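Read-outs: derived from the displayed coordinates by stated rules, not from any lab. Computed from a predicted model, the values in this text were never measured in an experiment. When we count neighbours, we look across all protein chains shown, and the Cβ atoms used for this are built from the backbone with ideal geometry, even at glycine.
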Amino acid sequence: MSAEARPVRPAEDALPGGDRNVVTLGWVAFFGGLAQDMIQPILPLFYTQVLGLNGTFVGLIEGALATTVSLFKVGAGYLSDLVRVRKPIVFAGYALSAAGRFALGFASSGIAVLGLRLADGVGKGVKDAPRDALVAGSARRASLGRAFGIQRMLDTLGSVAGPLVTWWLLRAWVSEPHRFQRVFWTAGLVAAIPLLLILFFVKERNPAVAGRTISRFDIPKPFFRFLALSALFTLGNSSDAFLILRARSVGLATDLIPVAYALMNLTSAAAAVPFGALADRVGRKRMIACGWTVYSLVYFGFAFAPGPGAVWILYAVYGLFYALTEGSAKALVAELVPDESRGRAFGLYNTSVGVLALPASLIAGVLWSRVSASAPFFFGGAVALLSVAGLLIWSRPAARPGGTPP
């Protein structure tokens, strides 16, 4: 049987207690996201105000971090397929990130911070693909969208809670000279909670087919078609930093921008599970096409935004884009690829999105600087519509027994 025609593991092979596994991994993502977003809003201030780093070094740190994350996603996914285990690799990734975040509280130089941020990046890159494969292997095929919706919801709620916890801690420690370091130590302790959940409550889900030689040809061609369309869309999906810049340029007060960002995350979290369940019924590609269409409309809306009132609406709607696409895209990857190859497939998918985010943001930056503040949003909206057209004309893979076609 060819790789493309190989059926995905049937629903009856789902891990016993798989729903509990999915929910537990969702809480793992929640506390991991909480710890990450506790430190993210204050890192630039720590770099510049405490360590005295200049903008060039800050750019080096964050650029090196993004590249490290992307590179390790593929390697970890491949390794988890090769050794046929996921849980220990996920544990190691979370442990490395937790150590890196806690140790930031002791950093006193730019070189030390660079090393610790790279350690955090390695941890993040190592855990993502095996964790997604473990979620996919724990859920029944007919409920993959719901499973990844739970992941998205809890991960996003952690991203909402993290900055709010940091805001409260900074107010409580307003007179402390080392309050940033205290936040880092607290975030490191929070980042240890996923380790306990993984160690005691997450069950392993071994990829099938012992003795199979690991090869890229085990990944079916429809996956690469979807990967190409996702890559096209990503070229128009610049950093959300440009949304913040645009919101400020049309008059939204600086202190209200985090609130608008939290609104987006709340909308996304609220819609993630119902949209994931809907994708299980109507098909993943339809949901992704709807999400990319929403993205296009939001970006055109930002291009024409007349004032701050429109920004609130656009941010709320933008959260629906994430809810429509992130869980559905991962569920589609899981459907298109056999269980024993999912680690590599998730690694390739996550890495392609991460790597292409750099040129996407560079294009947006050039358009912003040399054309107009609206130009990046016209470009992003147009590329999204082109991606929707490609998704709609993409010939659907043959329906497999036991579920809705993707």
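Kindly give the semi-axes, whole Å and largest first, of the ellipsoid equivalent to the stretch 110-166, taking each as the square root of 5 times a Cα gyration tensor eigenvalue.
Over the Cα atoms of the stretch 110-166, the ellipsoid semi-axes are 29, 17, 5 Å.
With θ taken as phi - 60° and the coefficients 6.51, -1.76 and 1.60, list the Karplus ³J(HN,Hα) couplings across the stretch 75-87 in order, rounded to whole Hz; mark glycine and proline as x.
x, 5, x, 4, 4, 5, 6, 5, 8, 6, 9, 10, 4
With each pseudo-label sitting 7 Å past Cα toward Cβ, what's the residue 66-residue 317 distance in nm, one decimal?
Taking the two extended label points, one gets 2.6 nm.
Determine, for 201, 300, 184, the number of other Cβ atoms within 10 Å of each Cβ, and report the residues in order from fewest to most.
201, 300, 184
Report, in debye and to the nearest 20, how large the dipole of the chain comes out about its Cα centre when Lys and Arg carry +1 and Asp and Glu carry -1 on their Cβ.
The dipole of the chain has a size of about 660 debye.
Residues with amide H under 5 Å of residue 205's amide H, sequence separation 5 or more or different chain, H placed in the peptide plane at 1.01 Å from N; which?
86, 87
When the Kirkwood hydrodynamic radius is evaluated over all pairs of different C-alpha atoms of the chain, what value in angstrom, to one decimal, is obtained?
The Cα-based Kirkwood calculation yields 21.7 Å.
For every helix of n ≥ 4 consecutive DSSP H residues, a contribution of -39,500 (n - 2.57) applies; sum these over the chain, divide by its total residues, and give [θ] at 222 nm rounded to the nearest 500 deg cm²/dmol.
Mean residue ellipticity, 222 nm, calculated: -25000 deg cm²/dmol.
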